[in-house]
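Here's the structure we're looking at; comments come further down.
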Amino acid sequence: MQQTLNLSDIDWQWRHYNALTRDEAVAMFKLRQDVFIVEQDCPFHDIDGIDSEAEHLLGWYDGELVATLRFFHEYQPYQGRCSIGRICSSLNYRKFGVGRALVAEGLKRIDELYSNRETEIGAQLYLKKFYESFGFVQSSDVYDEDGIDHIHMIRAKLVES
């Protein structure tokens, strides 16, 4: 494992689901499984049938996928707001700020392409302060999702339409 990591060395790549190579898709699903199912000890259906509707951000370091998220520019369950989800980073690289860099990169895309839209996320409650640091505000009561406390959070649009 790497002792240090310069975040500028991460190769960020946006891919539509249909443009993912087999190896990229396997790496993405493996990282999500490692974090959401194994590490969090939470058996749930990560492959939920909507990855094909999303763009995926992949963060590569030295040939290894260290972070990923999926992005919907108009997510119907959130009243057509933008949304990022399945936000995860490799346990071995979190201490270097990879998760923060991942969210910043995802929000940068929203700010560049959809600055006139709000962004909504379903966040694990323990990450509330983390997402507040990006401008998200809690917009729901706490709810249980797969045995983990969650909240909805909304980030205001940058520009009025």
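The values are calculated or read from the model by the stated rules, or taken from the named source; none is laboratory data. Bear in mind that the values here come from a model prediction, so they are computed numbers and not experimental data. Backbone-built Cβ (ideal geometry, glycine too); neighbour counts: all protein chains shown.
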- Query: What pairs can you find where one residue is in segment 53-67 and without any contact (Cβ under 8 Å) to a residue 60 or more places away in the chain, the other is assigned to a loop (DSSP other than H, G, I, E, B) and crowded, with 19+ Cβ neighbours inside 10 Å, and their Cβ atoms are less than 6 Å apart, with a gap of 6+ or different chains?
  - Reply: GLY59/ILE10; TYR61/ILE10; VAL66/SER90
- Message: Tell me yes or no: at least one residue of segment 30-46 is modelled with pLDDT of 95 or more, more than 19 Å from VAL137 (Cα to Cα) and of a type in the set (Lys, Arg).
- Response: yes
- Message: Is it the case, given these coordinates, that PHE44 is aromatic (Phe, Trp, Tyr) and within 15 Å of the chain's Cα centre (by Cα)?
- Response: no
- Candidate set: segment 11-40, residues that are among the basic types (Lys, Arg) and assigned to a helix (DSSP H, G or I); chosen: the one farthest from ILE84 (Cα to Cα): ARG22
- Item | Neighbours by Cβ (under 7 Å, 6+ apart or cross-chain): first from segment 25-43, over 19 Å from LEU58 (Cβ atoms); second among the charged types (D, E, K, R) and exposed (fewer than 14 other Cβ atoms within 10 Å of the Cβ) | CYS42/ASP146
